[in-house]
1. Stretched out fully, how many nm does the piece from T20 to Y79 gain, at 0.36 nm a residue minus the Cα gap?
2. Cysteines without a disulfide-compatible partner in the chain, using Cβ under 4.7 Å as the rule?
3. Computed from these coordinates, which is Cα extents along the principal axes in Å: (i) 43, 24, 18; (ii) 35, 26, 20; (iii) 43, 24, 22?
4. Given labels modelled 7 Å from the Cα in the Cβ direction, how far is it in nm from E10 to H61?
5. Which order do peptides 4-15, 55-66 fall in by mean Cβ count within 10 Å, highest first?
6. Compute the relative contact order of the chain as a whole-number percentage, counting only Cα pairs closer than 8 Å that sit 6 or more residues apart in sequence.
7. Run the simple label-point estimate for D69 and E31 please: 7 Å along Cα→C-beta, distance reported in nm.
8. Under a 1.4 Å probe, what is the accessible area of the chain per residue, stated in Å²?
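The values are calculated or read from the model by the stated rules, or taken from the named source; none is laboratory data. No experiment lies behind these values; they were computed from the predicted model shown. A quick note on method: Cβ atoms are made from the backbone with ideal geometry, for glycine too, and the neighbour counts reach across all protein chains shown. Side chains are part of the model used for accessible areas, which takes the heavy atoms of the whole protein and leaves out ligands, DNA and RNA. Shrake-Rupley method; radii C 1.70, N 1.55, O 1.52, S 1.80 Å.
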Amino acid sequence: MAMRSFADPETKFRIEASGTPPSVDGLAITEPKWLVCEECGAKVRIDGPDGHQTTIDNLPHDRDCEQRDVVSRYFEEQYVR
């Protein structure tokens, strides 16, 4: 499978803000909370509660998502080459 970079201008991802007050999730209303694939809607929490660093590689894309092959340079260097 050919890998594409998330920085490729043809890929579409967005960062969604919390949208809730700190009393709900500990984040300000405008603070980044979700990394979202605009193709299939898959999303993952940014800096999840377990302290794990979220990357583009963590998105649980749908099986037929055209962006399933989008990965970070780190992932490609560590696991593909």
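1. Contour length minus Cα-Cα distance gives 17.6 nm.
2. Here C37 come out as lacking a disulfide-compatible partner, given the Cβ-Cβ threshold of under 4.7 Å.
3. (iii)
4. Going by the 7 Å Cα→Cβ label model, 1.2 nm.
5. Highest to lowest by the protection proxy: 55-66, 4-15.
6. The normalised contact order for the chain reaches 28 percent.
7. Simple spin-label model gives 3.8 nm for this pair.
8. Details: 5710 Å² over 81 residues.
About 70 Å² of surface per residue is accessible.
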